[in-house]
Amino acid sequence: MKQMNHYIDSVFSSQDHILEEVLTSIRENGMRSISVSPSSGKLLTMLVSISGAKHVLEIGALGGYSGICLARGFGEDGKLTSLELMESYAELAYSNLSKAGFGNQVSYMTGPALESLEQLVNDNKQFDFFFIDADKENYENYLDYCIKLAESGALIVCDNVLARGTVAGESAEPAQHTEFMKKFNETVAEHPQLESILIPIGDGMTVSKVK
Ligand SMILES: C[S@@+](CC[C@H](N)C(=O)[O-])C[C@H]1O[C@@H](n2cnc3c(N)ncnc32)[C@H](O)[C@@H]1O
């Protein structure tokens, strides 16, 4: 899986100074290097762009890498709402989105995402694209909220669903989230309101269309 991803990244993702600076800023701030892979980021840009989404909700901002990739897909009239537990991470992400030219198109809600999602439901907000990439234990809860907040035809993308290949038995040692992800993938695949597929790029992404 590692070798295949390295190959895809090397052939399909060109040098990107803006995103490289984001990765440097994450390291310099002592944060974990857990942004999406270059190809996963490119896939996000393409999915937003192909779907024509303009109201994007992200769960898990970290330093803004995936936020920039999402914003690159929606052009000048799109808006990104990003939910992040840590105030200082949201500040770094905002600074990086601003440097990339998207400062006026992004807003952050900090604190536990479940509380922010409840607030968005109470405010009758709707979105046409979702990217879930926060604490894995809450993926099913996040999925339920995203479906509540979705316009018909919206896309929901979830990262890390292969749990480093362990969901498919690629390693003898299960990873921390293997069982969560196996169950989550089955829920997504069988969900009556979703049509879904898993794309094995990066750590695996499910892409679901809300019926
Ligand atoms: C894998 S990182 C996100 C990476 C980011 N999407 C990217 O690719 O650039 C996960 C993020 O989720 C945040 N997070 C963890 N638990 C959370 C929660 N309960 N509510 C909101 N955010 C949470 C973490 O602080 C971390 O920044």
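Measuring spread by the Cα atoms of the chain yields a radius of gyration and Dmax of 16.1, 47 Å. Normalised by the number of residues in region 2-210, the mean separation of alpha-carbon contacts (under 8 Å, six or more apart) gives a relative contact order of 17 percent.
On the principal axes of its alpha carbon atoms, region 43-154 extends 33, 31, 25 Å, with the longest extent given first.
Taking 11 Å as the cut-off, the amide N atoms of region 107-133 that come nearer than this to a point 7 Å along the Cα-to-beta-carbon line of LEU85 belong to 111-114.
Placing R0 at 25 angstrom, the Cβ-Cβ distance between GLU28 and ASP135 gives a FRET efficiency of 0.55 after rounding to 0.05.
Karplus-derived 3J(HN,Hα) values for region 62-77, using 6.51 cos²θ - 1.76 cosθ + 1.60 with θ = phi - 60°, are 6, x, x, 4, 5, x, 5, 4, 5, 5, 4, x, 9, x, 6, 9 Hz; glycine and proline are entered as x. Spacing of the modelled spin labels on SER171 and SER14, each 7 Å from Cα toward Cβ, amounts to 3.4 nm. Annotation: amide H of MET86 within the under-5 Å range of GLY111, sequence separation 5 or more or interchain, hydrogens built in the peptide plane. Distant-in-sequence amide contacts of ALA154, defined by a placed amide H-H separation under 5 Å and a gap of 5 or more residues or a different chain, comprise VAL210. Charge dipole (Cα centre; +1 on Lys/Arg Cβ, -1 on Asp/Glu Cβ; no other charges) of region 120-211 amounts to roughly 180 debye. Our helix-only sum for the chain, with -39,500 (n - 2.57) per DSSP H run of n ≥ 4 divided by its residues, gives a mean residue ellipticity at 222 nm of -13500 deg cm²/dmol. Rounded to the nearest 20 debye, the dipole magnitude of the chain is 400 debye, with +1 charges on Lys and Arg beta carbons, -1 on Asp and Glu beta carbons, and the Cα centre as origin. Using the Karplus relation 6.51 cos²θ - 1.76 cosθ + 1.60 with θ = phi - 60°, the per-residue 3J(HN,Hα) values for region 28-36 come to 5, 8, x, 8, 6, 7, 10, 5, 4 Hz, with x marking Gly and Pro. Measure off, as a whole percent, the carbon and sulfur share of the 1.4 Å-probe accessible area of region 2-210, all protein chains present. So the carbon and sulfur contribution to the accessible surface is 51 percent.
Candidate cross-link partners of LYS183 among the aspartates and glutamates, defined by an alpha-carbon separation under 18 Å and a same-chain spacing of 8 or more, comprise ASP133, ASP135, GLU137, GLU140, ASP144, ASP159, GLU170, GLU173, GLU195, ASP203. Put simply, the amide H of GLY64, placed in the peptide plane, has no neighbours under 5 Å, leaving out anything fewer than 5 places away on its chain.
Converting phi to 3J(HN,Hα) with the Karplus coefficients 6.51, -1.76 and 1.60 and the offset θ = phi - 60°, region 108-125 yields 10, 10, 9, x, x, 4, 4, 6, 5, 5, 4, 5, 5, 5, 4, 7, 6, 6 Hz in sequence order, with x at every glycine or proline. Pairs exceeding a 22 Å alpha-carbon distance, out of LYS136/LYS211; LYS79/LYS209; LYS79/LYS136; LYS125/LYS182; LYS42/LYS99; LYS2/LYS209: LYS136/LYS211; LYS79/LYS136; LYS125/LYS182; LYS2/LYS209.
Could you tell me how far the Cα centroid of region 125-181 sits from the Cα centroid of region 4-53, in Å? Going from one Cα centre to the other spans 18 Å. With +1 on the Cβ of every Lys and Arg and -1 on the Cβ of every Asp and Glu, and nothing else charged, how large is the dipole of region 38-104 about its Cα centre, in debye rounded to the nearest 20? It works out to roughly 260 debye. When the surface is traced with a 1.4 Å probe over the full set of protein chains, MET1 keeps roughly 60 Å² accessible.
The values are calculated or read from the model by the stated rules, or taken from the named source; none is laboratory data. The model shown is predicted, which means the values in this text are computed figures rather than measured ones. All Cβ positions, glycine included, derive from the backbone under ideal geometry; neighbour counts span all protein chains shown. We work out accessible area using only protein heavy atoms, side chains counted, and drop any ligands, DNA or RNA first. Shrake-Rupley method; radii C 1.70, N 1.55, O 1.52, S 1.80 Å.
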